[in-house]
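To start, the structure itself, in structure tokens.
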Amino acid sequence: MKILLYAITLCIPFMSFGQSSDEVITKLQAKFKKVKEYTVKAQIDTRLPFIKMLPVSAQILYKQPDVFKVESKGIAIIPRQGFDQIGKLINNSGAFTVVPQGTAELQGVLTQVVTLIPNQDTGEVLVGKLWIDPVKIVVLKSQLTTRSNGTVSADFVYGTQAVNALPDKITFSIDTKKFKIPKAMTGDMNSSARPKPETPSDTKGSITIYLSNYIVKY
Amino acid sequence: MWRNSLYNELIKITARPRSFLGVAAITLIIVLIQVAMKMDGLSYIQFITAPIEQNLIIEGNILNGNLMTFIILQMLLIHIPLLVAFITGDLISGEAAMGTLRILLTKPVSRANIYWSKYLAGALYTILLLLWIAILAWGGGHLLFGTGDLIILNSDGIVILQAHDIFWRLSAALLQATLALLTISTLSIFFSCFADNSIGPIVSTMGVVILFTLVGSLDVPIFTYIRPLLFTTHMAAWRLWFNDPVPYADIAFSSVILVLHIIILAGLGLWKFNRKDILS
């Protein structure tokens, strides 16, 4: 009897979802595939230790399978990886193996954590970890480790477009190397400022993208 | 009376071919830079932004008229002192060498009047030279590359300024650069008071600029206290107007140092000119 109780207790998290990781991923795939094309207005707020800039307005265009454009009148800075990478990875169902990682609470939601391991080791993404809301079927957090750019994690907040798994806000956490350009190249030859000792905060930053006015085509 | 003297000095400057050689050289350099950047500027920009683009994508028109103006100002403001010294270093010593200074001083005009008219004519030439660079760089840049946000590379990071936030900074930066170049023109006029040939003051001015720049760039502790007082340390203070936020205290300090140099050198020049023996 005791053994049965233990077994039931251990299974509660999975039972509460009532669906396996594979099922959640399949539903997520269906959501991603449903949206063929969308345009959205974006407000990009870049807060990196070596970049000083004001938030920039831009327009983002996505078209299946892999058209992704950011159009901006001014200069906008977005992460090289992590923006459309999840969609690309998820949409290709045979390309990865889903490994369930249990549950974790995020934004007040008990999420299902899964690791996606690409079946081929030649791609750009080495491993992906997703925190998925099993009720709304949306990704609340992602952590992608890529071959050329290390790990980029992103937090997603959803609003009216949650039905299409399209977020209203994405916050990318970025690890960057200490930015350094020779004085001869920058031209500030007479700058007498001594280099400050490097702190962990010098290499950590974030880019927050606020998305609004989606125009979605199915 | 001083207006007539100033007018005469301006005529002398415009009558010299070397005054226009500098302008022609600057025009040619700016046009060359703009054409070269129009043809292959993107690869140059990509080379510079490569460290950032390892992790990030920079979207938008980086290579625009505002960036071109900034690049040209940065390139030329290192070389303009030589062009300024070519003209202003010759204002007094050139006339001494030709023997016309003796005739000039026989006029019923005070030496101070002649000195200041020469000084103002030199200052006016310097200002017009800088203005010409700005007009050509900004106008040509916007014509060829359009407008856009300005990306500024500093050794410890980058600043991106929005297009509407640039013109006032550029204007202020030009005023700051004017102050720096006036220091050069004052220095060369100061040397000109001591010499009886044209080359001496020009070489001396450039020698001082090179020496002070070397002292300023050597990271030796003994120079730490001297460095902030050298005018060459503040020659590039115009760049500070493109920082965000603008470091007004640093700009004010640089301006004070440059103005002090101008006042002291101009005063010493006047003192020497008043006592100068005209032997030629």
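The values are calculated or read from the model by the stated rules, or taken from the named source; none is laboratory data. These figures come from a predicted structure and were not determined experimentally. Positions of Cβ are generated from backbone atoms using ideal geometry, with glycine treated the same way; all protein chains shown enter the neighbour counts.
When we screen B:LEU153, B:LEU105 for residues that are at pLDDT below 90 and within 14 Å of another protein chain (Cβ to nearest Cβ), the only hit is B:LEU153. Name the single residue, out of those in segment B:4-46 being within 25 Å of the chain's Cα centre (by Cα) and among the charged types (D, E, K, R), that is nearest to B:ALA85 (Cα to Cα). Across segment B:4-46, the extreme among qualifying residues is B:ARG18.
For segment B:1-94, which fully contained helices (runs of 4 or more DSSP H) count at least 1 residues that are within 14 Å of chain A (Cβ to nearest Cβ) and not acidic (Asp, Glu)?
Hits in segment B:1-94: B:17-53, B:65-76, B:80-88.
Surrounded by 13 or more Cβ atoms within 10 Å (Cβ to Cβ), touching a Ser or Thr at 6+ places or on another chain (Cβ under 6 Å), of a type outside the set (Ser, Thr, Tyr) and under 30 Å from B:TYR119 (Cβ atoms) - does that describe any residue in segment B:13-27? Within segment B:13-27, one or more residues are surrounded by 13 or more Cβ atoms within 10 Å (Cβ to Cβ), touching a Ser or Thr at 6+ places or on another chain (Cβ under 6 Å), of a type outside the set (Ser, Thr, Tyr) and under 30 Å from B:TYR119 (Cβ atoms). Going by the structure shown, is A:PHE14 at pLDDT below 85, within 14 Å of chain B (Cβ to nearest Cβ) and more than 18 Å from the chain's Cα centre (by Cα)? Taking the combined requirement at face value, the residue does not satisfy it. From the list A:ILE132, A:ILE215, the lone residue that is loosely packed, with under 15 Cβ neighbours inside 10 Å, modelled with pLDDT of 75 or more and either facing chain B (nearest Cβ under 10 Å) or in a strand (DSSP E or B) (or both) is A:ILE215.
Only residues that are within 14 Å of chain B (Cβ to nearest Cβ) and surrounded by fewer than 16 Cβ atoms within 10 Å (Cβ to Cβ): list them for segment A:61-103, please. Selection gives A:LEU61, A:PHE68, A:LYS69, A:GLU71, A:ASP84.
Has segment B:182-200 got at least one residue that is outside any helix (DSSP H, G or I), of a type in the set (A, V, I, L, M), out of contact with any strand residue (DSSP E or B) (no Cβ under 6 Å at 6 or more places or on another chain) and touching a residue at least 24 places away in the same chain (Cβ under 8 Å)?
Taking every residue of segment B:182-200 in turn, at least one turns out to be outside any helix (DSSP H, G or I), of a type in the set (A, V, I, L, M), out of contact with any strand residue (DSSP E or B) (no Cβ under 6 Å at 6 or more places or on another chain) and touching a residue at least 24 places away in the same chain (Cβ under 8 Å).
When restricted to residues that are surrounded by fewer than 17 Cβ atoms within 10 Å (Cβ to Cβ) and under 24 Å from A:THR160 (Cβ atoms), segment A:110-129 contains 1.
Those strands (runs of 3 or more DSSP E) of segment A:26-129 in which at least 1 residues are without any contact (Cβ under 8 Å) to a residue 40 or more places away in the chain and hydroxyl-bearing (Ser, Thr, Tyr), considering only elements entirely within it, cover A:56-63, A:96-106, A:109-118. In segment B:165-175, the condition of being surrounded by fewer than 20 Cβ atoms within 10 Å (Cβ to Cβ) and within 14 Å of chain A (Cβ to nearest Cβ) is met by at least one residue. Any residue at all in segment B:230-248 that is assigned to a strand (DSSP E or B), over 29 Å from B:ALA85 (Cα atoms) and modelled with pLDDT of 90 or more? No, because not a single residue in segment B:230-248 is assigned to a strand (DSSP E or B), over 29 Å from B:ALA85 (Cα atoms) and modelled with pLDDT of 90 or more.
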